[in-house]
Amino acid sequence: MSLAAAARVGDAVDAIDTPALVIDLDALERNIERMAAYAREHGLRLRPHAKTHKCAEIARRQIAAGAVGVCVQKLSEAQALAEAGIDDIFVSNQIVDEAKLAGLAALAGRIKLAIAVDSALGVDRLAAALKASGSTLDVFVEVDVGHGRCGVAPTAAVALAHQVVSHGLRFAGLQAYHGRAQHLRTPAERESAIRHAVGLARAAQAGVTSAGITCPLVTGAGTGTFVLEAASGLYGEIQPGSYVFMDRDYADNHAAPQAPAFKHALFVKSQVMSAGSSHVVIDAGHKSHAIDSGLPRVLGRELEFINGGDEHGILRRHGGAPLPALGETVWLIPGHCDPTVNLHWHYIAVRGGLAAGRVEAVWPIEARGCIR
């Protein structure tokens with residue numbers, strides 16, 4: 001069961017119920033094409049991260065524009081998108097649970113699939129699951145290049161790659177993603193972090209190839225740093241995700257001069273439900289948008305958003321801006337798009353802008369709630 005969509009195809013923007021997750025289609029399509037064009041021009045494989053949007057229709061559009069497939073972080077995300085027709089998926093994360101690995105192996109019998117590993121136990125269990133199912137997939141050894149989360153040290157990548165090969169599995173290369181670097185605000189900070197990351201990834205690749213194991217690909221990168229991984233000459237594939245929507249947090253980065261410009265394409269439509277003498281209250285609290293990366297920004301108004309709890313957002317004047325009237329629409333730019341998307345059942349896709357556009361499509365968010 002899912003909540004009924006907040007609008008129907010053909011509705012005017014004004015008719016969209018609130019709160020609702022709304023896509024500006026014109027901005028979305030420009031963002032998809034700009035990233036695809038960048039990858040083409042730089043000879044890179046583009047594998048966008050679908051954990052951002054969790055939606056088969058957006059994945060199809062990315063692939064139609066030139067992406068080789070998509071990434072996800074969870075088996076259930078891969079299963080949901082595969083069920084909706086996406087047939088080339090990289091689970092760029094670790095799975096060691098035997099029941100989940102059996103599910104992964106079963107999925108590998110239906111689509112082109114890849115997985116990241118960072119432990120001997122994970123490789124052993126993956127090999128057993130694939131043998132039992134008679135399926136195969138690509139295996140990437142993940143190297144910790146600075147995030148301090150998953151991945152092995154460069155010196156440990158050789159033994160793990162050898163173990164992958166010794167099991168008869170298909171070693172596809174290295175996963176080398178630096179998540180912390182994505183949100184460093186200045187280009188200089190990001191450049192320093194990625195220079196270090198590239199050095200670690202290069203050392204891991206050199207160790208693997210010196211051991212006589214072919215390393216076909218180094219993959220990684222995100223919306224905040226992909227131009228740096230591209231410039232390194234090491235990465236053959238990039239995995240940006242948030243560029244499709246450009247949430248408030250990514251937009252707060254100081255853009256690198258050589259990076260394409262991406263526009264905000266994801267919004268939460270809300271309306272004023274209560275008005276006081278010095279503030280108004282809208283109907284979109286943090287059940288409508290994630291606040292882990294900070295509070296949302298109000299689009300086109302000098303208003304300060306204050307967290308009012310689960311169901312309420314409080315707006316106060318910022319400068320001399322007037323407060324919106326009771327019942328008036330307020331558009332929010334979410335602080336972090338990925339977990340915001342996970343709160344909603346549908347996208348309301350609007351053509352012609354948020355002021356006077358119309359609903360062109362309603363898309364299900366197939367991988368909503370897929371956290372396993």
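The values are calculated or read from the model by the stated rules, or taken from the named source; none is laboratory data. Here the structure is a predicted model, which means the values were calculated and not measured. Virtual Cβ from ideal backbone geometry, glycine too; neighbours counted across all protein chains shown.
Quick notes
- Residues located in the range 161-201, provided they are touching a Ser or Thr at 6+ places or on another chain (Cβ under 8 Å) and either of a type in the set (Gly, Ala, Ser) or part of a helix (DSSP H, G or I) (or both): GLY173, ALA176, ALA181, GLN182, HIS183, ARG190, ALA193, ILE194, VAL198
- Taken over the range 279-300, the residue count meeting the criterion of being over 20 Å from the mean Cα position of the chain (by Cα) and part of a loop (DSSP other than H, G, I, E, B) is 5.
- Criterion applied to GLY353, GLY335 was being part of a loop (DSSP other than H, G, I, E, B), at positive phi and either crowded, with 20+ Cβ neighbours inside 10 Å or of a type outside the set (Phe, Trp, Tyr) (or both), and the one residue passing it is GLY353.
- Residue within the range 137-151 that is assigned to a helix (DSSP H, G or I) and either more than 21 Å from the chain's Cα centre (by Cα) or β-branched (Val, Ile, Thr) (or both) present: no
- Failed item, numbered, when VAL70 is tested on (1) within 13 Å of GLU237 (Cα to Cα); (2) of a type in the set (Val, Ile, Thr); (3) touching a residue at least 24 places away in the same chain (Cβ under 8 Å): (3)
- Close contacts from the range 239-257, counting a first residue that is in contact (Cβ under 8 Å) with a residue 60 or more places away in the chain and a second that is surrounded by fewer than 20 Cβ atoms within 10 Å (Cβ to Cβ) and of a type in the set (S, T, N, Q), with Cβ to Cβ under 7 Å and a gap of 6+ residues or different chains, come to ASP249/SER293; HIS254/THR186.
- Any chance ALA116 is small (Gly, Ala, Ser) and in a strand (DSSP E or B): yes
- Pick from the range 301-329, criterion outside any loop (DSSP other than H, G, I, E, B) and in contact with an Asp or Glu (Cβ under 9 Å, 6 or more places away or on another chain), ranking: nearest to ALA27 (Cα to Cα): THR329
The rows are residues; the columns are (1) more than 24 Å from ASP14 (Cα to Cα); (2) of a type in the set (Gly, Ala, Ser); (3) in contact with a Gly (Cβ under 7 Å, 6 or more places away or on another chain).
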site: GLY294; (1), (2), (3): yes, yes, yes
site: PRO322; (1), (2), (3): no, no, no
site: VAL330; (1), (2), (3): no, no, no
site: ILE333; (1), (2), (3): no, no, no
site: ASP338; (1), (2), (3): yes, no, no
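- Boolean, HIS254 is under 30 Å from GLN175 (Cβ atoms) and touching a Lys or Arg at 6+ places or on another chain (Cβ under 7 Å): yes
- Extreme residue, nearest to the chain's Cα centre (by Cα), among residues of the range 167-221 that are of a type in the set (Ser, Thr, Tyr) and under 21 Å from ALA251 (Cα atoms): TYR177
- Qualifying residue in the range 189-203 (condition: of a type outside the set (Ser, Thr, Tyr), at positive phi and in contact with a helix residue (DSSP H, G or I) (Cβ under 8 Å, 6 or more places away or on another chain)): no
- Qualifying positions in the range 115-135 - out of contact with any helix residue (DSSP H, G or I) (no Cβ under 6 Å at 6 or more places or on another chain) and closer than 11 Å to LEU169 by Cα: ASP124, ALA127, ALA128, LYS131
- Against the list (1) more than 25 Å from VAL268 (Cβ to Cβ); (2) out of contact with any helix residue (DSSP H, G or I) (no Cβ under 8 Å at 6 or more places or on another chain); (3) not in a helix (DSSP H, G or I), the condition ALA99 fails is (3).
- Single residue of ALA6, ALA12, ALA50 found to be touching a residue at least 12 places away in the same chain (Cβ under 8 Å) and under 17 Å from the mean Cα position of the chain (by Cα): ALA50
Per-residue answers, yes or no, for (1) in contact (Cβ under 8 Å) with a residue 40 or more places away in the chain; (2) buried (at least 23 other Cβ atoms within 10 Å of the Cβ); (3) in the same structural domain as ILE89 (by TED's automatic domain parsing):
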residue: GLY109; (1), (2), (3): no, no, yes
residue: ILE115; (1), (2), (3): no, yes, yes
residue: VAL143; (1), (2), (3): yes, yes, yes
residue: HIS162; (1), (2), (3): yes, no, yes
residue: GLU189; (1), (2), (3): no, no, yes
residue: ALA197; (1), (2), (3): yes, yes, yes
